[in-house]
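Only one structure is covered here, and it is reproduced in the block below.
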Amino acid sequence: MKNTFLRVFLVVLLSNIIVVSIGLGMVHFIQKQNQVSADLLGDVGVQLVSSYEQFGVESLEEETKKAEKRLSGSIYLYQENGRPLLKALPRNFREQNSAGENGQPSADFLHSQFIQVIGGNNVQYLLIFKPNPEINSLAPEAVVGFSLLGLLVSSGVLAYWLLGPLLKLQRVARSFGRGDMSARVERKMARRSDAVGKLAREFNEMAERIETLLSSKERLMRDVSHELRTPLARIEVALTIAEDKHGMEAQKNYLCRIRTELHELDELIGQVLTLSRLEAAALVKEPMDLQAWLDEIVADVSFESQLKGISVFKTGRLPKTLFGDPLQLRHAIENVLRNACFYAGDGGVIEVVTEEKAGEAFIYVRDNGPGVDDEKLEKIFHAFYRSSEAREANSGGFGVGLTISQRIIRAHKGRITARNRSEGGLEVCFCLPMK
């Protein structure tokens, strides 16, 4: 932290030095442009007085024009008795400035230079040099403008130096949070010796540990699921043999109950295996005729739900094509559709709508069921979470279907969200990139 504070302090200090230096430099430059050295004015004065004393007023006026052009200002020359040899000074030369206060002299008087010149026979002359007003009017705006420019540049450098690494860390953290376990902070940033570099290294170490833990968890789930299926198969065989024997009716009822529970356990293990495969298996992406593919899914689900009087229909003709894994995406859509059919109940209506926005495909699945409590909308995508335990138990579900759908969509770099409809029911939105 000390190193970071020192760097920030030095950058701020440097920024202020740059701003002040630019401002002082511009003031000095403008003053240098407006002010003429006393030696130069003295030489000009001697030359003008000599020209006047030797050749008269006409020669003085001619030399004065040349000097004014060279010095970018006006020259006034007075004899010691106060008589002007050239044009006289303006009447308001020493008057109070119209914009000033407290009797301040005018700007012309403040910016003018006064030089005493000794002529022949020790006659004294007064030379007054007044710079052109155009330069004076430019000075304040130039100082303020260049000072602001320096401030903006230095502030931009400071903001980039401070926020640049933090924005990179934010992007990496967002990617990691969305399921990209390979997201890491670049090595260049992690090698920094300040607090930002330390934070980057700690993030990478945290990401490594989390990835290892998740991999171990998925491997354990996969291995345990495989091992469980062996004794389940043996129990299935034993049940078949027991049912073939002539036993009491009560015993047959118990055996039937055991078989039902056995099938549910086998289905749960199958869903756990599906979850573990989704973490490691590569997608087989290919161009898909989205509308025809979705029509087939809707037709299959409609056929399954016809005994309950549930209507499933599709609207929308865009997008026409999509690049993805047809088999995996089918599992994702079917899980949501079957979930919607269950909660819609007898005589329910399920609507599937497709849209295309900004290069992304949107698929909406809407039902007219009871919906989900707002605080549970995010949780329904968690593995083994049940939004309504009583109804879920009756359905024979395990709270894994929506989790499988979410992981499939994330593997396609897409998003899946849920919200309650104002007219009643739940809407699940699939957002998938089209390329």
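For residue 297, which of the numbered conditions (1) at pLDDT 90 or above; (2) open to solvent by 40 Å² or more (accessible area, probe 1.4 Å) fails to hold? Unmet condition: (2).
Looking only at region 282-292, which residues are open to solvent by 30 Å² or more (accessible area, probe 1.4 Å) and either touching a helix residue (DSSP H, G or I) at 6+ places or on another chain (Cβ under 7 Å) or part of a strand (DSSP E or B) (or both)? Passing the criteria: 283, 286, 287, 289.
Of note, residue 102 does not satisfy the criterion of being modelled with pLDDT under 85, more than 30 Å from residue 165 (Cβ to Cβ) and open to solvent by less than 90 Å² (accessible area, probe 1.4 Å).
Taken over region 386-404, the criterion of being open to solvent by less than 20 Å² (accessible area, probe 1.4 Å) and modelled with pLDDT of 75 or more is satisfied by 403, 404. Of the residues making up region 62-78, those that are surrounded by fewer than 17 Cβ atoms within 10 Å (Cβ to Cβ) and over 11 Å from residue 131 (Cβ atoms) are 62, 65, 66, 69, 70. Is it the case that some residue within region 22-38 is at pLDDT 75 or above and under 30 Å from residue 115 (Cα atoms)? Yes, there is a match, as at least one residue in region 22-38 is at pLDDT 75 or above and under 30 Å from residue 115 (Cα atoms).
Scanning region 293-313 for residues that are under 19 Å from residue 409 (Cβ atoms) and either in contact (Cβ under 8 Å) with a residue 40 or more places away in the chain or in a loop (DSSP other than H, G, I, E, B) (or both) yields a count of 4. Quick one: would you say residue 279 is at pLDDT below 90, of a type in the set (D, E, K, R) and within 41 Å of the chain's Cα centre (by Cα)? Yes: the conditions hold for residue 279. Out of 233, 250, one residue alone is at pLDDT below 70, over 30 Å from residue 435 (Cβ atoms) and assigned to a helix (DSSP H, G or I). It is 250.
Just need a number here: residues in region 300-320 that are open to solvent by less than 90 Å² (accessible area, probe 1.4 Å), closer than 22 Å to residue 435 by Cα and out of contact with any Ser or Thr (no Cβ under 9 Å at 6 or more places or on another chain). Selection size over region 300-320: 0. Residue 380 meets the conditions (1) modelled with pLDDT under 90; (2) out of contact with any Leu (no Cβ under 7 Å at 6 or more places or on another chain); (3) not charged (D, E, K, R) in every case but one. The failed one is (2). In region 183-196, the residues that are in contact (Cβ under 8 Å) with a residue 40 or more places away in the chain form Cβ pairs under 6 Å with partners that are open to solvent by 30 Å² or more (accessible area, probe 1.4 Å), at six or more places apart or across chains, as follows: 194/3; 195/1. For region 192-212, the set of residues classified as of a type in the set (A, V, I, L, M, F, W, C), farther than 16 Å from residue 180 by Cβ and open to solvent by 60 Å² or more (accessible area, probe 1.4 Å) consists of 199 only. Could you tell me which residue of region 163-191 is most open to solvent (accessible area, probe 1.4 Å), considering only residues that are among the charged types (D, E, K, R) and at pLDDT 85 or above? Among them, the one singled out is 187. Restricting region 328-353 to residues that are of a type in the set (Val, Ile, Thr) and touching a helix residue (DSSP H, G or I) at 6+ places or on another chain (Cβ under 7 Å) leaves a set whose member that is farthest from residue 290 (Cα to Cα) is 350.
Selection of region 405-435 for residues being part of a helix (DSSP H, G or I) and open to solvent by 10 Å² or more (accessible area, probe 1.4 Å) yields 406, 407, 410, 411.
The values are calculated or read from the model by the stated rules, or taken from the named source; none is laboratory data. Every value quoted in this text rests on a predicted model; they were computed, and no experiment measured them. Glycine gets a Cβ as well: all are built from the backbone with ideal geometry, and neighbour counts include every protein chain shown. Protein only, heavy atoms only, side chains kept; ligands, DNA and RNA dropped before computing areas. Shrake-Rupley method; radii C 1.70, N 1.55, O 1.52, S 1.80 Å.
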